[in-house]
Amino acid sequence: MALVQTTESGPLSDERSQRSSAFGRWVSQNWAILLLAALLLLLPAVTGDFVLTQVVGWTLDLGMIALSLMFLAGYGGMVSLVQMTVASVAGYTITVLGASSIPTISLFWPWWVAAPLAIVVAVIFGTFSGALSARTEGIYTIMITLAIAAAFFYLTLQNYTIFNGFNGFTTIPAPKFWGINWKDPLPLYYLILFFAALSYAAVLYVSRAPFGLALQGVRDNPRRMAAIGYNVTAHRVAAYSFAALIAGVGGILMVWLNNQISPGTAGIDATIYLLVVAVVGGIGHPIGAFIGAFIYVLLRTFALDALVGIGLDGRRFQTLIGLGFLVIVLFSPDGVIGIWRRLAARARTSGGSNGL
């Protein structure tokens with residue numbers, strides 16, 4: 001009996017030890033993410049509705065849409081300028097199928113029908129965009145996706161039958177279920193936080209899954225991947241579909257958060273700003289999308305008042321955004337995440353350890 005217990009407890013003990021060691025390494029490598037998650041969960045206890053929705057809520061939502069761009073550019077080598085358009089397609093779809101202030105256009109279907117259909121439409125649109133651009137590379141991919149974004153912008157601007165033209169839609173309600181009005185700041189904040197965390201985890205998982213590894217191989221050497229039997233075009237189109245899923249969810253949350261949608265949501269300015277967000281944060285890691293979104297939202301929210309306070313034209317806040325973009329790209333081509341990694345590497349060489 002003693003012999004049996006020894007042989008059984010030995011492997012079990014070794015397995016527990018290995019799991020504990022692996023968990024400890026994971027915690028030491030991701031302590032910053034864990035700390036950030038704890039802060040976001042506890043944030044409502046120490047701040048008000050304005051910060052929850054207009055600062056952190058917008059950061060998380062814009063970060064989700066930028067995350068879809070980061071996934072394509074960072075793991076697939078495809079700089080797509082259509083991701084904000086995909087989000088706008090989802091936003092317009094749920095507005096037309098759901099409820100808004102324009103009863104002559106909106107169909108007032110229940111949210112549990114309108115929201116899934118909006119995501120499906122966004123994924124189809126993103127897949128179609130990917131199919132058009134997947135066989136190109138570099139500047140050609142940028143130009144094709146920019147042309148798609150511009151075409152959709154002018155379509156929404158000039159079409160009054162479906163998109164209500166220049167005016168767009170306002171008073172777009174969030175759903176009510178489980179006895180909760182998800183339009184209220186606190187529930188809406190946690191709803192956005194949940195989907196932002198889910199999108200972040202999904203991108204991390206996919207990037208390490210066989211599909212993600214193959215996609216990175218396609219990014220690095222498409223000819224070699226094709227030679228060993230991988231369908232390069234299919235992998236790229238599938239990447240667009242996955243990115244569209246994330247952008248589509250972000251587009252629905254954006255409509256509920258902003259309470260309106262108009263052609264400017266899908267405009268060229270918004271498209272370029274999303275690229276700035278992704279590049280400033282850094283496309284080397286998914287967290288970079290949220291870092292860039294946080295910097296952009298801070299500038300957009302507070303720079304105008306700051307400029308007016310010192311006697312300058314508040315509209316020049318866009319100049320500040322441009323200057324900040326140039327400074328970060330000049331000193332760190334891989335964005336803020338690159339700065340963090342260099343600082344972390346210096347800390348490790350001096351005896352510390354950090355990680356994202």
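The values are calculated or read from the model by the stated rules, or taken from the named source; none is laboratory data. Model, not experiment: these values are computed from the prediction. Cβ placement follows ideal geometry from the backbone for every residue including glycine, while neighbour counts extend to all protein chains displayed.
Out of all the residues in region 170-211, which are free of Cβ contacts under 8 Å to residues at least 60 places away in the same chain and at positive phi? TRP178, GLY179, listed by residue number. Here are some residues: LEU193, LEU132. Which one is assigned to a helix (DSSP H, G or I) and closer than 30 Å to PRO44 by Cβ? Being assigned to a helix (DSSP H, G or I) and closer than 30 Å to PRO44 by Cβ holds for just one of LEU193, LEU132, which is LEU193.
Quick check on GLN216: is it over 30 Å from ASN159 (Cβ atoms) and in contact (Cβ under 8 Å) with a residue 40 or more places away in the chain?
Criteria met by GLN216.
Being part of a helix (DSSP H, G or I), at pLDDT below 95 and either in contact with an Asp or Glu (Cβ under 6 Å, 6 or more places away or on another chain) or within 23 Å of PRO173 (Cβ to Cβ) (or both) is a property that TRP112 has.
Considering region 45-78 alone, what residues qualify as being without any contact (Cβ under 8 Å) to a residue 24 or more places away in the chain and either assigned to a helix (DSSP H, G or I) or surrounded by 23 or more Cβ atoms within 10 Å (Cβ to Cβ) (or both)? Within region 45-78, ALA45, PHE50, VAL51 meet the criteria. Evaluate region 289-310: report whether one residue or more is at pLDDT below 70 and part of a loop (DSSP other than H, G, I, E, B). Yes, region 289-310 has at least one match. Being touching a strand residue (DSSP E or B) at 6+ places or on another chain (Cβ under 8 Å) and either surrounded by fewer than 23 Cβ atoms within 10 Å (Cβ to Cβ) or of a type in the set (S, T, N, Q) (or both) narrows it down to one of THR136, THR95, THR104, THR85, so name that one. Going through THR136, THR95, THR104, THR85 in turn, just one is touching a strand residue (DSSP E or B) at 6+ places or on another chain (Cβ under 8 Å) and either surrounded by fewer than 23 Cβ atoms within 10 Å (Cβ to Cβ) or of a type in the set (S, T, N, Q) (or both): THR95. Taken over region 292-304, residues that are buried (at least 23 other Cβ atoms within 10 Å of the Cβ) and over 10 Å from the mean Cα position of the chain (by Cα) amount to 2. The conditions of being in a helix (DSSP H, G or I), modelled with pLDDT of 95 or more, surrounded by fewer than 13 Cβ atoms within 10 Å (Cβ to Cβ) and of a type outside the set (A, V, I, L, M) are not met by PHE152. Flag not set for GLY250, criterion: surrounded by fewer than 17 Cβ atoms within 10 Å (Cβ to Cβ) and part of a helix (DSSP H, G or I). For the criterion of being among the aliphatic types (A, V, I, L, M), at pLDDT below 95 and in a helix (DSSP H, G or I), ALA122 fails. The combined condition, being in contact with a Lys or Arg (Cβ under 6 Å, 6 or more places away or on another chain) and either closer than 30 Å to VAL279 by Cβ or β-branched (Val, Ile, Thr) (or both), is fulfilled by ALA134. Does SER199 satisfy being within 23 Å of PHE294 (Cβ to Cβ), at pLDDT 95 or above and of a type in the set (Ser, Thr, Tyr)? Yes. I'm trying to understand the selection: among the residues of region 160-201, which are buried (at least 17 other Cβ atoms within 10 Å of the Cβ) and within 17 Å of SER68 (Cβ to Cβ)? Those that are buried (at least 17 other Cβ atoms within 10 Å of the Cβ) and within 17 Å of SER68 (Cβ to Cβ): ILE192, PHE195, ALA196, SER199, TYR200.
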